[in-house]
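The values are calculated or read from the model by the stated rules, or taken from the named source; none is laboratory data. Just so it is clear, the model here is predicted, and its values are computed rather than measured. Note: areas computed on protein heavy atoms with side chains; ligands, DNA, RNA excluded. Shrake-Rupley method; radii C 1.70, N 1.55, O 1.52, S 1.80 Å.
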Amino acid sequence: TVTGGTGITVDNTDSANPVVSASSTVLNGVHVITLEAGSTIHGRRAVMAELDLAHHPNLTVLADAPKILGISTASASLGNPTTIQTSGPMTNSGWAWSAGPVFVDNGGILTQTAPSTGWIVCVGKATASDTIDIQVLLPILRS
């Protein structure tokens, strides 16, 4: 079942294998997608998709790291739409980054300290104290 939404198309040519696609919004090099929140989503944290619902990742769960899409632009409660920025610059006056990579910790918390165990996922690099250039890289498993 596919429910409403601008930019969603369904090709039912083969009813056993319908093709569902969704367009992303592209504004000045910034890509965003909108998903329904499958749990409480906190603003400015990494988000993954599971069964077309947005969640924060748990990096001790083997399957979570490869599902990370980007960073939530705002908070959202269960069942409400949430916007996830998948690339481009994101600015937040509350950040105080040093230049360099930005990683994901459990719960989608952003940090500049790579985890010592489990998945290492870099979601971009800090280009200013208040700005991350989002680019989600392939996860690396650290044992």
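Put simply, the C-alpha atoms of region 26-80 give a gyration tensor, and the ellipsoid matching it has half-axes of 18, 14, 10 Å, longest first. Share of carbon and sulfur in the accessible area of region 28-138 stands at 54%, probe radius 1.4 Å.
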